[in-house]
Each structure stands twice: as structure tokens, then as C-alpha cells.
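Notes follow once the structure below has been shown.
Any read-out appearing in this document is the output of simple, stated calculations on the displayed coordinates, not a laboratory observation. Worth saying up front: this structure is predicted, and the values here are computed from it rather than measured. Positions of Cβ are generated from backbone atoms using ideal geometry, with glycine treated the same way; all protein chains shown enter the neighbour counts.
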Amino acid sequence: MATRTRRPERRGEPLSRERIVEAAIALLDTAGEGGLTFRALAERLATGPGAIYWHVTGKDELLSAATDACLAGTMTAATAGTTPQEAIRVLALGVFDAIDAHPWIGTQLAGAPSTSPMLRVFELLGRQVQALGVPHAAQFTATSALLNYILGVGGQNAANARGHHPDTDRTAFLNAAAAAWANLDPDDYPFTRNVAGQLRDHDDRAEFLAGIDLVLTGIIARHSSQAD
């Protein structure tokens, strides 16, 4: 007796670009960029790869759309900031949290400067730098410094999280790291030994925002003194 081939489950709703992007985000979160293939996405959506190509032209467009979707709320919230400094803090922390939740975003934002998600973050940062009164000749440098800090620290934080076992106790890990710092050779590492206690008690998000404030303070102080 012949066996029937099991058909894929039928979709509960019509295929759309939004549904494809949502499924791509879920796949990226579990399998990373290497696991995002149109075949895997088609299986997740119970459709064929050809149907997906009707809505997106390829993997690059899909990665860009997924990154935009994850950052959409952050971009909207940042534009509602009451001051340029507050808007920059909101945008910076939103990107930091997005990279923490979806580490693949860091790779997308750190890619080629022509990619849309990175350009949108750069554009929004640049508008706030302009609003701070930074002279035109210094706006590119100031905006780039902020972007590089956000992506660098956000990416490093995500890399640290991926390097730990999911069941790792953060407090125990920091206590062990702080103890190791405190026991370093005092002649070779006097500074590191001295701040070992701060490593034990620090909060990553708070330290990140403190760094943003340092960069902003430097930008404002430098250019306000030039204006005087």
C-alpha cells in the first residue's frame, strides 16, 4: 500500500512581508545569520522559497528589514526626546538593548557604511549633534565618535553574553573575575587591582550610559569653548 507524502501545514494567514520579517527575526535569534536561509524560512512559514522571493529580493534585504524592525521603536522614541542629549541617550540605550537581545544586529550595524539600518542610526545621531550646535566641520567626527562607541560597547556586551553559558550566575562570575583582578601582580597591574571592587558591583547598562554622557560632555565642552 502506497504511503502518502505529508503536506506542509497550511498557513493560517496570507504571507506578507511583515510575517516573513518576523519569522526571519525568530530564526536569526535561534540560528544566527548562518542559519537564515530561504529554505529554513520557507519551512518555518509553511510555504515555498519562491513565495518569499515575491516579497524580498534576497538575504541582504531581509537582514536589513529585520534590523529595521528591531530598531523601529527605538528610532521613534529617540525622535521624541525633549533635548538633543536625551534623544541621543534614548537612541544609544535602545541600540544597546537591541544588540543585547539580538546579537546579529551588531554585525548588521557594523557592516558597510552604505547599509540602510546603520545610515538611519547615523542620520538620527547627526541631527542631534547638529541640534547641540556643533560646528559643521566637526559634526562628522562627533557623530562618528558616538556611533563607534555605541556599536563597540554594544557589540562587546553581546559577545560577552554569548561567551557565557545560559545558566551562568552573573554575580558569581563577576565576583570571581574581581577576585582574579585583585590578585594580579601589583607592579604590573596597579590600576586594575585598584578598580577590582568596581568590576564586582558594576551594571553594564549604567556604565554604557555613563560613557555616552562622557562623550557628550566632551563634545559640548569642546565646541562651546571654541564658540567663546
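In a fully extended conformation the segment linking Ser16 and Thr37 would gain 5.8 nm over its present Cα-Cα distance, using 0.36 nm per residue.
Angle of helix 84-101 to the longest C-alpha principal axis of the chain, folded into 0 to 90 degrees and rounded to 10: 50°. Comparing Asp187, Asp203, Asp68 in a Gaussian network model of the chain where C-alpha atoms under 10 Å apart are linked, the largest mean-square fluctuation is found at Asp187. Fewest-first ordering of Val129, Val215 by other beta carbons within 10 Å of each residue's beta carbon gives Val215, Val129. Rounded to the nearest 20 debye, the dipole size of segment 81-227 about its Cα centre is 500 debye, using +1 on the Cβ of Lys and Arg and -1 on the Cβ of Asp and Glu. Normalising the average separation of contacting C-alpha pairs (under 8 angstrom, six or more residues apart) by the number of residues puts the relative contact order of the chain at 16 percent.
When the chain is fully extended, how far beyond the present Cα-Cα distance does Phe140 get from Ala206, taking 0.36 nm per residue of separation? Please report the intermediate quantities before stating the final value.
Values: separation 66, 0.36 × 66 = 23.76 nm, distance 2.63 nm.
Here the segment from Phe140 to Ala206 would lengthen by 21.1 nm.
Projecting the Cα positions of Gly197, Leu216, Ala46 onto the charge dipole of the chain (unit charges on Cβ atoms of Lys, Arg, Asp and Glu, taken about the Cα centre) puts Ala46 furthest along the positive direction.
At most 16 other Cβ atoms within 10 Å plus a DSSP loop assignment makes a site exposed; report the longest stretch of the chain without any exposed trypsin sites (Lys or Arg not before Pro). Please list the in-between numbers first.
Working: sites that count: Arg4, Arg6, Arg10, Arg11.
Longest run free of exposed loop sites: 12-228.
Once the Cβ-Cβ distance of Ala26 and Asn160 is raised to the sixth power relative to R0 = 22 Å, the FRET efficiency obtained is 0.40. Toward the positive end of the charge dipole of segment 81-227, with +1 on the Cβ of Lys and Arg and -1 on the Cβ of Asp and Glu, the farthest Cα among Ile99, Ile88, Gln130 is that of Gln130. With the convex hull constructed from alpha-carbon coordinates only, the chain shows a mean projected area of 19.3 nm² over all directions. Computed extension gain for Leu199 through Trp54, at 0.36 nm per residue and net of the alpha carbon distance, reaches 47.1 nm.
In the chain, the longest principal axis of the Cα atoms and the axis of helix 170-182 are about 40 degrees apart. Given R0 = 30 Å, the distance between the Cβ atoms of Tyr189 and Asp97 translates into a calculated FRET efficiency of 0.40.
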